[in-house]
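The values are calculated or read from the model by the stated rules, or taken from the named source; none is laboratory data. Quick caveat: nothing in here was measured; it's all calculated off a predicted structure. So basically every Cβ, Gly included, is an ideal-geometry build from the backbone, and we count neighbours across all protein chains shown. With ligands, DNA and RNA removed, areas are computed over all heavy atoms of the protein, side chains included. Shrake-Rupley method; radii C 1.70, N 1.55, O 1.52, S 1.80 Å.
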Amino acid sequence: MLFAPASCARLVIKIGSALLVDPSGAVRRDWLAGIAADVADRTRAGQQVAIVSSGAIALGARRLGLPRGGRASLEDAQAAAATGQILLSQTWAEVLAAEELTAAQMLVTLDDLEDRRRYLNAAATLGRLLQLGTVPVINENDSVATAEIRFGDNDRLAARVAQAAGAQGVILLSDIDGLYDRNPAQPGAVHIAQVDRIDGRIADMADDGSASGMGSGGMVSKIEAARIATGAGVALAIASGRVERPLSIDARHTMFLPERRARARKAWLAGRLTVKGRIEIDAGAAQALADGRSLLAAGATMIEGAFGRGDVVAIHGPAGPIARGLAEYDAAEMQRLLGRRSEEHEVLLGYAPRSALVHRNHMALL
């Protein structure tokens, strides 16, 4: 595996349901013990490791006898998660304890990492656990999450956890050994060893199916996870977990190289999965943003959503989404300023205007 203690002080490892749970719904304990041994080796070598672990719904569904792996309804998934999470955390505690490691559990929802204050609290807890030498085992809190407030897959959760933890790398262990130029089941599919930049061509290679039927994410979610991670300056690898001790062998995988590490606040903005509204801008304003300038009202063409000052909004140019930032006005005020020059703003608002709709210091380009 590519990441070495010398180059990656903190590492996040994501393990999918299909690797942790067999088709009957039982834990693949021997395989998991091998993962724990790999983590112990890395810890002794000086790395701090956090694990994002799927499997609660699959384990709970087996215990409760629920159909379709516990995913027949939201209520079934929540009940399965509540039951399976106890089994999952107990299993991790046991296999890590066998390697003289202490497990810690963190359950999060989308809101915990989308709200800035809660994000900082989660980051502080995660950082302290790693400093204390524990192995945090993180999962989405599926027992309370709904469609509106959930990640939906642990790939993107792992990328956001890596960002919060200040990690340098993420490994997504999956049932596939990386990205292919088309569905790998198709003849002639070519494995992609390294991705320098995630563009439309790379995104088009993704397939959104989950081969096992147990997981909730396919290659689409992994590409989105890579986008979040690399945008925050974190390297991400997609590798197969269909081998014993996958973290201690140099097997084929796809590496997504990180971009220049963004400031923490801007990385948090760029990695968000939810926004409160949208601002459409013209080509001139899009170029101004690319040149590092703030978004002025004169270049805005349309406002969508009911947002307040300080809410996160998406900024779209003629070619699609280009940035996210904190709104300097609420939606109603911004609507009045749409397309108007700065010298008109005080008359339109009735008070001294702010310098921009979204200031460059509170904006992250995508």
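Out of Gln163, Gln186, report the one residue that is open to solvent by 10 Å² or more (accessible area, probe 1.4 Å), in contact with a Gly (Cβ under 6 Å, 6 or more places away or on another chain) and in the same structural domain as Asp22 (by the TED database).
Gln163 is the lone residue from the list that is open to solvent by 10 Å² or more (accessible area, probe 1.4 Å), in contact with a Gly (Cβ under 6 Å, 6 or more places away or on another chain) and in the same structural domain as Asp22 (by the TED database).
Could you check the stretch 79-88 and list, in sequence order, the residues that are among the small types (Gly, Ala, Ser) and open to solvent by less than 40 Å² (accessible area, probe 1.4 Å)?
Ala80, Ala81, Gly84
Leu236 is checked against (1) buried (at least 21 other Cβ atoms within 10 Å of the Cβ); (2) more than 25 Å from Met205 (Cβ to Cβ) and fails just one. What number does that condition carry?
Of everything listed in (1) buried (at least 21 other Cβ atoms within 10 Å of the Cβ); (2) more than 25 Å from Met205 (Cβ to Cβ), Leu236 misses just condition (2).
With respect to Gly339, is the statement that it is touching a residue at least 60 places away in the same chain (Cβ under 8 Å) and over 20 Å from Arg272 (Cα atoms) true?
no
If I ask for residues that are closer than 14 Å to Leu296 by Cβ and either in contact with a Pro (Cβ under 7 Å, 6 or more places away or on another chain) or of a type outside the set (Gly, Ala, Ser) (or both), which ones from the stretch 322-341 would you list?
Within the stretch 322-341, Glu328, Tyr329, Met334, Leu337, Leu338, Arg340, Arg341 meet the criteria.
Counting just the residues of the stretch 93-124 that are surrounded by 15 or more Cβ atoms within 10 Å (Cβ to Cβ) and of a type in the set (Ser, Thr, Tyr), which one comes out nearest to Trp268 (Cα to Cα)?
Going through the qualifying residues, I end up with Tyr119.
Mind checking which residues of the stretch 260-284 are surrounded by 18 or more Cβ atoms within 10 Å (Cβ to Cβ) and touching a helix residue (DSSP H, G or I) at 6+ places or on another chain (Cβ under 7 Å)?
Within the stretch 260-284, Ala262, Ala267, Trp268, Ala270, Gly271, Arg272, Gly277, Ile281 meet the criteria.
Which of the residues that make up the stretch 239-259 are polar (S, T, N, Q) and open to solvent by 10 Å² or more (accessible area, probe 1.4 Å)?
Across the stretch 239-259, the qualifying residues are Ser240, Ser248.
Name the single residue that is least open to solvent (accessible area, probe 1.4 Å) among those in the stretch 41-78 being in a helix (DSSP H, G or I), within 30 Å of Cys8 (Cα to Cα) and touching a strand residue (DSSP E or B) at 6+ places or on another chain (Cβ under 9 Å).
Ala56
With respect to Asp111, determine if the residue is in a helix (DSSP H, G or I) and touching a Leu at 6+ places or on another chain (Cβ under 7 Å).
Answer is no for this residue.
Taking the conditions exactly as written (within 16 Å of Ala237 (Cβ to Cβ) and basic (Lys, Arg)), does Arg62 satisfy them or not?
no
Could you grab the pairs with beta carbons closer than 9 Å, sequence gap of 6+ or different chains, first residue in the stretch 6-21 and among the polar types (S, T, N, Q), second one surrounded by 24 or more Cβ atoms within 10 Å (Cβ to Cβ) and part of a loop (DSSP other than H, G, I, E, B)?
Correct list of pairs: Ser17/Ser54; Ser17/Gly55; Ser17/Met214; Ser17/Gly215.
Please specify each residue of the stretch 328-365 satisfying the condition of being closer than 16 Å to Glu280 by Cβ and either exposed (fewer than 14 other Cβ atoms within 10 Å of the Cβ) or among the hydroxyl-bearing types (Ser, Thr, Tyr) (or both).
Of everything in the stretch 328-365, those that are closer than 16 Å to Glu280 by Cβ and either exposed (fewer than 14 other Cβ atoms within 10 Å of the Cβ) or among the hydroxyl-bearing types (Ser, Thr, Tyr) (or both) turn out to be Tyr329, Gln335, Gly339.
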